[in-house]
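First the structure, in the form of structure tokens, and then the observations on it.
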Amino acid sequence: MSLNRDDVAGMIEKLRGAVRKETCWMCECVQGMLAQLELDVEDDVADLTALLKIARDAMHNCLGCDPCPPGDLHADYLRGGACGCDKGPGCCGGD
């Protein structure tokens with residue numbers, strides 16, 4: 001999936017909406033999504049992600065929340081269905 005800055009900004013807004021607890025920001029589910037977005041975009045988006053990222057030693061493992069809205073968003077993204085639009089799997093040219 002090819003992303004641009006606007007896609008990343010949209011995904012970050014979706015992630016902000018998905019976070020239910022303050023501890024979510026320290027979870028590997030959320031932090032993994034931020035790292036994946038940085039990897040998947042050609043542009044430098046550090047200015048978009050920097051305020052949300054935490055030090056690795058402050059991160060905790062997944063707590064197994066059920067449901068886990070940030071984890072679900074990350075899983076949808078990895079399957080190619082959450083690029084910031086609402087078109088579902090295969091959207092915006094994703095495989």
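Sequence-ordered 3J(HN,Hα) estimates for segment 20-25 from the Karplus curve with 6.51, -1.76 and 1.60 and θ = phi - 60° stand at 9, 10, 4, 5, 4, 5 Hz, glycine and proline given as x. How much length would be gained if the chain were fully extended between S2 and R20, taking 0.36 nm per residue of separation minus their Cα-Cα distance, in nm to one decimal? Roughly 3.7 nm would be gained on extension. With N the number of residues in segment 5-83, Rg(Cα) / (2.2 N^0.38 Å) evaluates to 1.01.
Coordinate-derived values only; no laboratory data. Values in this document were obtained by computation on a predicted structure and should not be read as measured data.
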